[in-house]
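K.L.:
Structure provided below as structure tokens; questions to follow.
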Amino acid sequence: MIQSARITGKVQYREGDGANITIRPGPCEVEETPLDATISWTDGETHGSAAIPIADYRGYVSSKALQIEGSAAASGTRNNK
């Protein structure tokens, strides 16, 4: 499932064995699988996409560098039913 999100901190990916590349802050979309998460974004006329390990993705969400829109994780609330 594709989710709307917002990058609010330092989120990075790596192309092959190269250096880490920082994704600019702003809106993005995330598609999560059991092994990785794919982040897609636009920057002017440029469209970017990167797959990152699921552990890295969860770390970005936990630190609020990446905030999933409309989720309890994004707002910091829990449903205690």
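K.L.:
Report the FRET efficiency, 1/(1 + (r/R0)^6), for residue 1 and residue 58, where r is their Cβ-Cβ distance and R0 is 25 Å, rounded to 0.05.
P.N.:
Once the sixth-power term is evaluated, E becomes 0.95.
K.L.:
For q = 0.25 Å⁻¹, what log10 I(q)/I(0) does the chain give under the Debye formula with an equal point scatterer on each alpha carbon and no solvent?
P.N.:
The computed values of log10 I(q)/I(0) come out as -1.34.
K.L.:
Quickly estimate the mean residue ellipticity at 222 nm for the chain, helices only: each DSSP H run with n ≥ 4 gives -39500 (n - 2.57), and the total goes over all residues, rounded to 500.
P.N.:
-4000 deg cm²/dmol
K.L.:
Shifting gears a bit: Convert each backbone phi in the range 2-8 into a coupling constant with the Karplus relation 6.51 cos²θ - 1.76 cosθ + 1.60 (shift: θ = phi - 60°), then list the ³J(HN,Hα) values in order as whole Hz, x for Gly and Pro.
P.N.:
So the Karplus estimates, Gly and Pro as x, are 8, 10, 6, 8, 9, 7, 10 Hz.
K.L.:
Of the chain, which part is the longest with no GluC sites (Glu not before Pro) in a loop (DSSP not H, G, I, E, B) and with at most 14 other C-beta atoms within 10 angstrom?
P.N.:
The segment 16-44 is the longest one with no such site.
Just so you know, all these numbers are worked out from the coordinates, no wet-lab data involved. What you are looking at is a predicted structure, and each value in this text was computed from that prediction instead of being measured. Cβ coordinates were reconstructed from backbone atoms using ideal geometry, including for glycine residues, and neighbour counts include every protein chain displayed.
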